[in-house]
1. Does the stretch 91-104 include one or more residues that are farther than 27 Å from Pro49 by Cβ and either at pLDDT below 95 or in contact with a Phe, Trp or Tyr (Cβ under 8 Å, 6 or more places away or on another chain) (or both)?
2. Hey, could you check the stretch 93-110 for residues that are without any contact (Cβ under 8 Å) to a residue 12 or more places away in the chain and closer than 16 Å to Lys45 by Cα and say which is farthest from the chain's Cα centre (by Cα)?
3. Does the stretch 63-92 hold any residues that are in contact (Cβ under 8 Å) with a residue 24 or more places away in the chain and more than 16 Å from the ligand (Cβ to nearest atom), and which are they?
4. Among the residues of the stretch 1-45 satisfying the criterion of being among the aromatic types (Phe, Trp, Tyr) and in a strand (DSSP E or B), which is farthest from Lys72 (Cα to Cα)?
5. At least 1 residues that are out of contact with any Asp or Glu (no Cβ under 6 Å at 6 or more places or on another chain) and under 15 Å from Ala99 (Cα atoms) in each: list the helices (runs of 4 or more DSSP H) lying fully within the stretch 123-191 that qualify.
6. Output the residues belonging to the stretch 10-46 that are touching a residue at least 60 places away in the same chain (Cβ under 8 Å) and near the ligand (Cβ under 10 Å from one of its atoms).
7. Just to be sure I understand, how many residues within the stretch 18-38 are over 28 Å from Ile87 (Cα atoms) and crowded, with 17+ Cβ neighbours inside 10 Å?
8. Counting residues that are not aliphatic (A, V, I, L, M), which helices (runs of 4 or more DSSP H) fully inside the stretch 46-113 reach at least 3?
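The values are calculated or read from the model by the stated rules, or taken from the named source; none is laboratory data. Note that the structure is predicted; figures quoted are calculated from it, not measured. Cβ sites come from the backbone with ideal geometry, for glycine too, and all protein chains shown count toward neighbours.
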Amino acid sequence: MNQQPGPQPLTEEQWQAVVSNDASYDGHFFYAVKTTGIFCRPSCKSRPPKQEHIGLFHTPEQAVAAGYRPCKRCKPTGLRLPDEEWISLVTDYIDNHYAEPLTLDTLAAICHGTPYHLHRTFKKVKGKTPVEYIQDIRIEKAKAELIRTSKPVSEVGHGVGLSNTPYFITLFKKKTGHTPASYRHDPATRS
Ligand SMILES: [Zn+2]
């Protein structure tokens, strides 16, 4: 991707500062979350990530150079992350984690915003809500699986994060106009 040095491990003292949102460490270091690509000040009130997923930078410039984006909540560069960039982080996260349980609340916590703000900003940027986006991704993946494999419908649903089979079938029908079974067996349904 790039030749910039990646984040370094945190000391136990620094990790404790992150866990306790200790503002006295602000400016001394910044922590980056590898799973989301976001970096924060130690005092950030966002839900603390797993220790093995975070790393340290000494300056915000190093974090930006290594490809990380400033957190929308604690604004470690003093600048606001543009809405489009924030939402592209969110959609990247959904694209890679659609098979896991995802709600507006968990997504907002992971992506460092409030549920209300995420919902509103996402809709403004993408023209649909985060929940609609998650549903669309799951149904697109399910369509591909139905055609590519002979897995039972329940297993296809489970594989895209829709473990409740009646709900999966209902949602599939709402989005495509067909049941998963007829979509699989009748090529005419795949316009
Ligand atoms: Zn933050």
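1. Initial filter on the stretch 91-104 (farther than 27 Å from Pro49 by Cβ): none.
For the stretch 91-104, residues farther than 27 Å from Pro49 by Cβ and either at pLDDT below 95 or in contact with a Phe, Trp or Tyr (Cβ under 8 Å, 6 or more places away or on another chain) (or both): absent.
2. Asp105
3. Ala65, Ala66, Gly67, Asp83, Glu84, Ile87, Thr91, Asp92
4. Initial filter on the stretch 1-45 (among the aromatic types (Phe, Trp, Tyr)): 15, 25, 29-31, 39.
Imposing the further condition that a residue be in a strand (DSSP E or B) reduces the set to 29-31, 39.
Working: Phe29: 17, Phe30: 14, Tyr31: 14, Phe39: 9 Å.
Here the answer is Phe29.
5. 130-148, 153-159, 165-176
6. Listed by number, the residues that qualify are Ile38, Cys40, Cys44, Ser46.
7. Total meeting the criteria: 1.
8. 60-65, 83-97
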